[in-house]
1. Which members of the stretch 333-364 meet the condition of being among the β-branched types (Val, Ile, Thr) and near the ligand (Cβ under 9 Å from one of its atoms)?
2. Of all residues in the stretch 213-252, which are out of contact with any Leu (no Cβ under 8 Å at 6 or more places or on another chain), among the hydrophobic types (A, V, I, L, M, F, W, C) and within 16 Å of the ligand (Cβ to nearest atom)?
3. Being on the phi > 0 side of the Ramachandran plot and either assigned to a strand (DSSP E or B) or touching a Gly at 6+ places or on another chain (Cβ under 7 Å) (or both) is the filter here; which residues of the stretch 364-403 pass it?
4. Condition first: surrounded by fewer than 18 Cβ atoms within 10 Å (Cβ to Cβ) and near the ligand (Cβ under 9 Å from one of its atoms). Now tell me which residues in the stretch 454-466 satisfy that.
5. May I ask you to list pairs of residues, at least six apart or on different chains, whose Cβ atoms are under 9 Å apart, with the first in the stretch 158-178 being of a type in the set (Ser, Thr, Tyr) and the second being in a loop (DSSP other than H, G, I, E, B)?
6. State whether the residues of the stretch 94-109 include one that is part of a helix (DSSP H, G or I) and at pLDDT 95 or above.
7. Given the structure, is residue 400 away from the ligand (no atom under 15 Å from the Cβ), in contact (Cβ under 8 Å) with a residue 12 or more places away in the chain and surrounded by 15 or more Cβ atoms within 10 Å (Cβ to Cβ)?
Amino acid sequence: MKVEALPARAGVHQLHNYEEIAENFDWTEVEKEFSWYESGKVNMAHEAIDRHADSDRKNKVALYYKDQNRNESYTFYQMKRMTNRAANLLKENSTLEKGDRIFIFMPRSPELYFLMFGALKMGLIVGPLFEAFMEGAIYDRLDDSDAKSIITTPELLSRVPYDRLPKLETVFLVGEDVAEHEGHIDVLKHLPTSSDKFEIEWLDKEDGLVLHYTSGSTGKPKGVLHAQYAMVQQYQTGKWVLDFTETDIYWCTADPGWVTGTAYGVFSPWLNGVTTVILGGRFSPDGWYKAIEDFGVTIWYSAPTAFRMLMGAGDALVKEYDLSTLRHVLSVGEPLNPEVVRWGAQVFDKRIHDTWWMTETGAQTICNYPSMAIKPGSMGKPVPGLKVAIVDDQGNELPPNQMGNLAIEKGWPAMMRQIWNNPAKYESYFLKDKWYVSGDSAYMDEEGYFWFQGRVDDVIMTSGERVGPFEVESKLLEHPAIAEAGVIGKPDPVRGEIIKAFVALVDGYEPSEELIEDIRQFVKKGLAAHAAPREIEFKDKLPKTRSGKIMRRVLKAWELDLPTGDLSTMED
Ligand code: WTA
């Protein structure tokens, strides 16, 4: 695709000349784009909503929202008023103060975004949760972060164990028939009557923004905290990578429970004053194509699993819709197969641009830019202003074409600022106090393109969602029939990986189809549907180290018929 010369705001350029810009880029230039550059104080909600509402973009649509029952749009001016109402509602009905944690646990809806930005206007740290989470997952996150409040729906309330969460003071409920009582607030009742004027809480650029819990290979999910300053990179990558211009209609398919759904679902487009489409409800190929057609989507950001499912739905379906408005298509979350890139080129007549980043990086990190040749299968090149390298386990940089740890030099704008409540864990990500080590292995070719090779650890990526094997194993062990459990990602053509569990049973239990189903339901109800193993295999005993750690590497070798490698640490 050709990049047109687009009018850029002062000091900022779309990425027309990668090499030149990458060489000299200075993030402080981007800071000048924001009003806080002058005042010294910042608030994401001001930069993403209010300042547009007070400008020529006042009557421009900020949000198109559509699901089975609703089809609505809100201008930046309307968003300002609604988020002010939400902020007043939250403030007047709680003891919440700047820096307090508030979680959002509900399906997508305009109210979700009013409340999210209302909370940000108060200076709260927002923790978005997937609607699919069950009680155990909710408890872990709220407990770890001492959350004072949660926003949810009457339907989901039964999964919030507030009796076991003494710090949780206020539950905001969005829905019909809310029984309001001490600590339970009916949002839809108060929203229309709350004042639409609100004095925003001005923050420092290092103050907290969002807290996304994400999985590693060991331990419970970790709270990755981002600071307000992340906006600098989220804004600028919107220009360079998403290629935002004034007239675009942008659709990011990600749920806000995932960092993509916050950073690129709303922050990046709204920081740039771009119209954003949010589609509620479930994935369906026709529903998705129809959304592109109905809204005239020009920029579309989705994930490999979704593209593979669309591919599976057949090319004939694509032809039933007018997708001619699309001018830029992007992907994130898992390796984007060259086959999918070629399919995209054929059916949409658009290259699909892969982007690599992770919750911890806070914003896009390695990308295929509109102005750059795509090498199918490669993640692209580092975002200008960031230093990305392949390093060995000691933190020494490796030359091109050598596989090693994908690492980023500490100090990029959107870098996570903390692992909540766990400074030691935070420090463990860095080598030589210089390199943030991603947990991915990759190599860089001679032309500076990066190629993903796999995870170094056992983290599973299933349908683009990151699942920690430890969390699933822990849940499995709570099942009365299970004595030992080991969980791996098994390659799958559509989902990238599926979760496969190996379990050894407690004496007296016998393998059966009913037991498999029961175990699956147990994980589903305890954690989340996407964390439930699709395959369960019974074993008499699982491979363990002498210290009792399940050797997932051996399970994986069994599964894939590979050599098991060094077994010297295995118990007899
Ligand atoms: C994987 C936040 C290959 C990778 C966006 C990373 C990818 C993990 C790509 C982060 C890509 C993400 N190609 N793998 N383009 N993008 N990943 O924090 O393993 O949920 O470490 O994603 O996803 O997962 P997270």
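1. Hits for the stretch 333-364 are 355, 359, 361.
2. Answer for the stretch 213-252, where residues must be out of contact with any Leu (no Cβ under 8 Å at 6 or more places or on another chain), among the hydrophobic types (A, V, I, L, M, F, W, C) and within 16 Å of the ligand (Cβ to nearest atom): just 252.
3. The one that is on the phi > 0 side of the Ramachandran plot and either assigned to a strand (DSSP E or B) or touching a Gly at 6+ places or on another chain (Cβ under 7 Å) (or both): 380.
4. 454, 455
5. Taking only residues 6 or more apart or on different chains, the pairs are 162/168; 162/183; 170/93; 170/94; 170/95; 170/96; 170/148; 170/183.
6. Checking the stretch 94-109: not a single residue is part of a helix (DSSP H, G or I) and at pLDDT 95 or above.
7. So residue 400 fails the test.
Listed here are the residues, each with its yes/no results for (1) out of contact with any Cys (no Cβ under 6 Å at 6 or more places or on another chain); (2) surrounded by fewer than 24 Cβ atoms within 10 Å (Cβ to Cβ); (3) over 24 Å from residue 35 (Cβ atoms); (4) small (Gly, Ala, Ser).
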| residue | (1), (2), (3), (4) |
| --- | --- |
| 245 | yes, yes, no, no |
| 249 | yes, yes, yes, no |
| 254 | yes, yes, yes, yes |
| 269 | yes, no, no, no |
| 275 | yes, no, no, no |
| 280 | yes, yes, yes, yes |
| 285 | yes, yes, yes, no |
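The values are calculated or read from the model by the stated rules, or taken from the named source; none is laboratory data. As the structure is a computational prediction, the values presented were derived from the model and not from experiment. Note that each Cβ is placed from the backbone with ideal geometry, even for glycine, and that neighbours are counted across all protein chains shown.
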